[in-house]
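**Student:** My questions will all concern the structure given below.
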Amino acid sequence: MKTQYVNYEKPLVSIVMATYNGERYLKEQLDSILNQSVQNFELIICDDCSTDRTLDILNEYSERDKRISIFPNNINIGVKRNFERGISLSNCDLIAFSDQDDIWRHDHIELLMNTIGDKMMACGNSDMIYEDGTPMGMTLSYQDAFDYIPKNDLYKAMTIILFRNPFQGASMMIRKELFIQAGPVPENVGFHDEWLAAYASFYGGINYIKESLLKYRRLSSSVTGIKNKRRNKILAWRNHHFYEDRIYIINAILERNKKLSQEQIQYLCLWKKMYWRNNKVKGKILNALYKIKYYKYIYSCDFIHWI
């Protein structure tokens, strides 16, 4: 390891966790956070009106460790807004996100701090596990077919807008400046992590580390469900699918980011055009040709790894 940060009076990192009825796996995740190689952090936990023993567990841990602060919500606001609340309560420049049911590698924070550099975001890989902790035998990047990481942040944006968001919130660290510039998450955008990743690719950039930073528990009740097969890129290219919230992401970036370069604006406007013309046969053909031309960046691979 490059660096170990310990015994600092002022926290270097804010860890933001959003909880809701997470009693089953919560202790395991809290223990993995408290045992990090970087110890000078604050842990901010916003609970979204849990009805099980989640709050009891959180209060028990906060009584033992002064780095933990608990903020119960008065009403249920959902995952996206719950994370937003936690970020707004943070006191550090660097902010890492935590789910309630994963297990962090002991140097999770250290690796992200060493990765972010001068960028607005750092993100890493994760090992996928079933509910009982049994390994699924694949990493998230393999399952999501994220094989190639372009240095150019515009090409990172290209895969987010035209294919999928490969940057996982649970293995993400941002600078608070990013949230100040990008927040709040647009109402029509599904998840906070995809919005922040998309915005960061146009504001300050993203550094990615291929190492797995956590064990990512896949629950049948998860908002993203359980997927145990590698994404087929040929099917994705053939179907020319656009996620519905991508047009809102494009519009919001164009509206909020006043420092976009002409090149960035041109890309965003082109992708917006691709979205609307996908409803017609000619448009589908043009979009398919564009995706073939830029397949390496959109699908994060060369031709021999399309499946």
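The values are calculated or read from the model by the stated rules, or taken from the named source; none is laboratory data. No experiment lies behind these values; they were computed from the predicted model shown. When we count neighbours, we look across all protein chains shown, and the Cβ atoms used for this are built from the backbone with ideal geometry, even at glycine. To get the accessible areas, we keep the full protein, side chains included, count just its heavy atoms, and leave off ligands, DNA and RNA. Shrake-Rupley method; radii C 1.70, N 1.55, O 1.52, S 1.80 Å.
**Student:** Run the accessible area of the chain with a 1.4 Å probe and give the carbon-and-sulfur part as a rounded percent.
**Tutor:** 52 percent
**Student:** What is the spin-label model distance, in nm, from Lys273 to Met138 if the labels are put 7 Å beyond Cα along the C-beta direction?
**Tutor:** 3.6 nm
**Student:** About its Cα centre, what dipole magnitude does region 33-111 give when the only charges are +1 on Lys and Arg Cβ and -1 on Asp and Glu Cβ, stated in debye to the nearest 20?
**Tutor:** It works out to roughly 180 debye.
**Student:** Can you tell me, using C-alpha contacts under 8 Å and at least 6 residues apart, the relative contact order of the chain as a whole percent?
**Tutor:** Taking the mean separation of contacting Cα pairs over the length of the chain, I get 19 percent.
**Student:** Provide the solvent-accessible area of Phe179, counting protein heavy atoms only and rolling a 1.4 Å probe, rounded to the nearest 10 Å².
**Tutor:** Solvent-accessible area, nearest 10 Å²: 40 Å².
**Student:** Taking the Cα centroid of region 103-152 and of region 8-44, what is the distance between the two, rounded to the nearest whole Å?
**Tutor:** Using only Cα atoms, the two centres lie 17 Å from each other.
**Student:** Using θ = phi - 60° and the Karplus curve 6.51 cos²θ - 1.76 cosθ + 1.60, what whole-Hz ³J(HN,Hα) does each residue of region 165-175 get, with Gly and Pro shown as x?
**Tutor:** Along region 165-175, the couplings run 8, x, 9, 7, x, 5, 10, 10, 10, 10, 8 Hz.
**Student:** Now, a different point. Quote the relative contact order of region 108-166 in percent (integer), defining contacts as alpha-carbon pairs under 8 Å separated by 6+ residues.
**Tutor:** Relative contact order of region 108-166: 18 percent.
**Student:** Then there is this: Hey, of [x] -0.35, -0.77, -1.07, -1.16; [y] -0.27, -0.67, -1.08, -1.23; [z] -0.30, -0.74, -1.15, -1.26, which did the structure itself give for log10 I(q)/I(0) by the Debye sum over Cα atoms at q = 0.07, 0.11, 0.14, 0.15 Å⁻¹ when calculated?
**Tutor:** The value matching this structure is [y].
**Student:** Can you tell me the orientation of helix 78-88 relative to the chain, as the angle in degrees between its alpha-carbon axis and the longest Cα principal axis, to the nearest 10?
**Tutor:** The angle comes out at about 70 degrees.
**Student:** If you don't mind, another one. Just to confirm the number: angle between the C-alpha axis of helix 281-293 and the first principal axis of the chain, 0 to 90 degrees, nearest 10?
**Tutor:** It works out to around 70 degrees.
**Student:** Take every DSSP beta bridge whose two residues both sit in the chain, then give the antiparallel share in percent to the nearest 5.
**Tutor:** Given both bridge residues lie in the chain, the antiparallel proportion sits at roughly 30 percent.
**Student:** Can I ask one more? With angles folded into 0 to 90 degrees, how steeply does helix 54-64 sit against the dominant principal axis of the chain? Use alpha carbons for both and round to 10.
**Tutor:** It works out to around 60 degrees.
**Student:** To continue, here is another question. Which percent, to the nearest 5, of DSSP beta bridges fully inside region 23-176 are antiparallel?
**Tutor:** Taking every DSSP beta bridge with both residues in region 23-176, the antiparallel ones total about 60 percent.
**Student:** Still on this structure, I have one more. Can you tell me the accessible area per residue over the chain, all protein chains present, probe 1.4 angstrom, in square angstrom?
**Tutor:** Accessible area per residue, the chain: 47 Å².
**Student:** Take the chain, mark every one of the GluC sites (Glu not before Pro) that falls in a DSSP loop and has at most 14 other Cβ within 10 Å, then report the longest stretch left between them, sites excluded.
**Tutor:** Value returned for the longest uninterrupted segment is 10-186.
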